[in-house]
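Below is one structure, written out as structure tokens; comments come after it.
What follows draws every value from the coordinates through simple rules; no lab data is involved. Remember, predicted model here, so these are calculated numbers, not experimental data. Note: ideal-geometry Cβ built from the backbone for every residue, glycine included; neighbour counts use all protein chains shown.
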Amino acid sequence: MSLSSTTSRLFVSLLLASGIGAGACSTQSSSSHGVCVVSADSALGCNGVPDPDGGATPNLGLVGYSCTGSARPDEAPTYADGVPQGVVCADRGALADGTQGYCCSEALTPCALNPVAICDAPNYGYQCRGSQRPEAFVSDLECGQGIYEGDLIDYCCSGFPQTDGCTQTDSAGCSDNMMGFICTAGNMPKAEQLGANQSRADVYRLLCSVPTILPSAQSYCCYTPALPPVGGTCVPDSLVPGCAAGRFGIACYGPDTPGQDYPGMACPDPGVAGRDAEGYLATLYCCDFQ
Amino acid sequence: MRALHFVWPALCCALGCSSDKIAGLQYQCGSAPDATVAPDAAPGVCGANDPNLPLEPTLPTDVCQTVVADKSSPDENDLDSNRIQAALAACSGRAVKLVSDGANNAFVAAHLTVDSSTLWIDRGVTLYASRNADLYQKTGSCGVLGVNDSGACNDFITVRGTSPAIVGDGVIDGQGGEPLVGHDYSWWQMSGALQEIDGSIGNPTLINLSTGTTGFVLYRITLHNSPKFHVKITSSPADGSCDAPGQGFIVWGVTVLTPSNWLNSQGLPMSPHFARNTDGIDPGTSDIATCGVIACSTISTGDDQIAIKGGHWVSDLVIAHNHFGTGHGMSIGSETYGTYQDMNGVLHRGVENVSVYDLTVDGDTRPVGDGASPADSNGIRVKSDSSRGGLVNNITFSDVCMRDVANAIMITPAYNPLFAGTSYPQFKNLTFQNIHDVTCMSPVQPVVTLEGFNASLPAGPITLDNVVVDNIGPQAVAAAFADIRLGPGNVNFMPNGLGVTVTNGITDASAPRACQFPTLPVPPVPPGWLR
């Protein structure tokens, strides 16, 4: 699950103003791409399972919806003085009638569906203000590590348990000052995959070594550096040619060196002119974290 | 109107007027400190008649070895580590006393271990922690600027074994604000370098207890300038049961003052805000802590004065007759996810059965420092988040006075809302009784936050009985997903919010708790300064 750190609130507002995502779901909403209607709670179980002993049915303050097409109950948020206002929903997958089910907050929340968030499908993004994560409003939701964007926080969420792609492990052969991860192909370690006993930080991506390729997975050794100094131009680049597994490939666009931007990073060989993983001209280094 | 609202308390204080002109309140700003709760009260006075407490510890009568100071300043080229450690190793079950020779009164050492013995630091003597990061190296990142590796360094003093103790009227100084040997930055500057990402530096803990420690005692000692946390307590009764408070550990008559100076030796300004991550006393950080007492101590630092960490299991604590200056609060969390199966197979979780009473938290003892925010000034906090949450149950805060704290009461399951996970906080049975927060100098309206995680995991019951927060307004009360019960004593605010139920059982117009604040230790004022 990845998340864009460059989401634009202005862009969201423009989308809404132009009618994209229009359609509030009170009891029914419709748009050119589908319609949402309130669904009987028994079909979705949004408010939990009734007490088998005859006690009161729990009320989690959620409303069930079924939607056709690509319509969503939460697709018409607003921003009031920069504060998001919208409902938050957990997707419940396809219902028997082929529509998509959602369990949504009954009340408006300080979160807005973020249509331009870059989240790994089938996850979707919310942009929230304040200390409460989207899970506070819908219990069945699971969201990843948030990223600050000014006063707001961006999340990628799903109504289904997350499949992380990476697992933190002490058996990856990393040195004591790094954390090991085993990842399935195509996945990179993320902060939300750290164990509860690990020191966290307000960063989404860890700085990781060139992976060691395993039969059905790959292992990484990672750590969390402080932010590079203002003006620092060096970025991680796991595709630096010839950089062996366990070492750190770094591409620098300016005259600074990896050791200046990432303390503890030692690069025994001088940088080589080349192109980074995205094709930009850069000085490429292969380094070790000491 | 808004400006007047903020300025009035300060004006009132400056004019010496009674704060009851604000809203029928009792506290008089600028009133004389209460001498009966002076933190330098003679031994045997504080807590003497408290039936919840054990007898006050005493200094050893049997000294195994005496180590005499041979220097008057912490000379990094002449460490005392070996001779102190040799004495401790030879004195299991007995005391090693560090003393002055009359002219010299300083010791400097790197990593030390107190194993089932007592380290006694005599009045007038200071044991300094070496500033040489290489001597604490653990993972390779100790002393390295800009790396988020919370386990990078070994402790200054590791404590383990049966009935170990650190006692005396002397000082342990971690030199957190002084430049490291071979570097132009200090431990605290290393921590500050990670502030932007809210990271955790791996600086040495001043005193850290190892797994399996039983019956630890910390008595009368003064702690200054720890590179990171001052004391991490892992200690329980030897037989695992808790028949009386204090069988697991006792912290009594301890003073934490950090920073202890306004300037370091290089002239760099020091402040509580600058001394980041310098918690005072933290039970449960490294492993379980049960059946403990923290009493009659004063704590003024740059992070939580006390933080009860439930990453393993903490239970049966009495925290009484303490006085706080600067800091982030009397806190529980943020780790509350722990589980522990005892020898009878019973599974325990998080933080349970804690009683905090007779506490003052005074935000006016000294400036917090440049760059400080309201988050630097808290009264009572229960904090966790979904990356590290678990059970917090049966916690009572009573007879608490706070002055000029930004967050009087903060119960938050989203301490850092960025952090993800499925370890959801569960806050149950939290009681606040006879709580009074007063405003004198603060330009910030105090805030009360009472929040559970969500509708499935609400907080509560949260009982508020005679809880009065002066100068509070309706916009300064945040509540969500909580079962809140008011009364029978008065509560001068009304929580409401999403998923909040309030049961109003207020039956009497009880007077707010009468508050007096003792004069707490502060750094000596440099020549020419106005304070």
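Can you tell me which of A:ILE153, A:ILE182 is in a strand (DSSP E or B), aliphatic (A, V, I, L, M) and in contact with a Leu (Cβ under 7 Å, 6 or more places away or on another chain)?
Just one listed residue meets the conditions, A:ILE153.
I'm trying to understand the selection: among the residues of segment A:83-98, which are out of contact with any strand residue (DSSP E or B) (no Cβ under 8 Å at 6 or more places or on another chain) and among the hydrophobic types (A, V, I, L, M, F, W, C)?
Hit for segment A:83-98 is A:ALA96, nothing else.
Within segment B:405-430, how many residues are of a type in the set (Gly, Ala, Ser) and more than 8 Å from chain A (Cβ to nearest Cβ)?
Of the residues in segment B:405-430, 2 are of a type in the set (Gly, Ala, Ser) and more than 8 Å from chain A (Cβ to nearest Cβ).
Tally up the residues in segment B:362-380 that are among the hydrophobic types (A, V, I, L, M, F, W, C) and either out of contact with any Ser or Thr (no Cβ under 9 Å at 6 or more places or on another chain) or under 21 Å from B:GLY292 (Cα atoms) (or both), please.
2
Can you confirm whether B:SER286 is in contact (Cβ under 8 Å) with a residue 40 or more places away in the chain, in contact with a Phe, Trp or Tyr (Cβ under 7 Å, 6 or more places away or on another chain), of a type in the set (Ser, Thr, Tyr) and farther than 25 Å from B:GLY44 by Cα?
The answer is no for B:SER286.
Could you please let me know if B:ASP101 is more than 14 Å from chain A (Cβ to nearest Cβ), buried (at least 23 other Cβ atoms within 10 Å of the Cβ), on the phi < 0 side of the Ramachandran plot and part of a loop (DSSP other than H, G, I, E, B)?
When the stated conditions are applied, B:ASP101 does not pass them.
Yes or no, residue by residue, for (1) closer than 30 Å to A:GLY186 by Cα; (2) touching a residue at least 12 places away in the same chain (Cβ under 8 Å); (3) among the hydroxyl-bearing types (Ser, Thr, Tyr):
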position: A:VAL88; (1), (2), (3): yes, yes, no
position: A:LEU95; (1), (2), (3): no, yes, no
position: A:PRO110; (1), (2), (3): no, yes, no
position: A:ALA117; (1), (2), (3): yes, yes, no
position: A:TYR124; (1), (2), (3): yes, yes, yes
position: A:GLN132; (1), (2), (3): no, yes, no
position: A:PHE137; (1), (2), (3): no, yes, no
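Please work out which one of (1) in contact (Cβ under 8 Å) with a residue 40 or more places away in the chain; (2) in contact with a Gly (Cβ under 7 Å, 6 or more places away or on another chain); (3) under 22 Å from A:PRO241 (Cβ atoms); (4) among the hydrophobic types (A, V, I, L, M, F, W, C) is the condition A:ALA172 fails and give its number.
Of everything listed in (1) in contact (Cβ under 8 Å) with a residue 40 or more places away in the chain; (2) in contact with a Gly (Cβ under 7 Å, 6 or more places away or on another chain); (3) under 22 Å from A:PRO241 (Cβ atoms); (4) among the hydrophobic types (A, V, I, L, M, F, W, C), A:ALA172 misses just condition (3).
Out of all the residues in segment A:181-192, which are touching a Gly at 6+ places or on another chain (Cβ under 7 Å) and more than 10 Å from every other protein chain (Cβ to nearest Cβ)?
A:CYS183, A:THR184, A:ASN187
Output the residue which, of all residues in segment B:79-98 that are aliphatic (A, V, I, L, M) and assigned to a loop (DSSP other than H, G, I, E, B), is surrounded by the most Cβ atoms within 10 Å (Cβ to Cβ).
The residue in question is B:LEU79.
Pick from segment A:210-227 the residues that are farther than 12 Å from A:PHE181 by Cβ and more than 9 Å from chain B (Cβ to nearest Cβ): which of them is surrounded by the fewest Cβ atoms within 10 Å (Cβ to Cβ)?
Once the filter is applied, the top-ranked residue is A:PRO215.
I'd like the full set of residues that are in a loop (DSSP other than H, G, I, E, B) and within 13 Å of another protein chain (Cβ to nearest Cβ), limited to segment A:164-179.
Answer for segment A:164-179, where residues must be in a loop (DSSP other than H, G, I, E, B) and within 13 Å of another protein chain (Cβ to nearest Cβ): A:ASP164, A:ASP170, A:CYS174, A:SER175, A:ASP176, A:ASN177, A:MET178.
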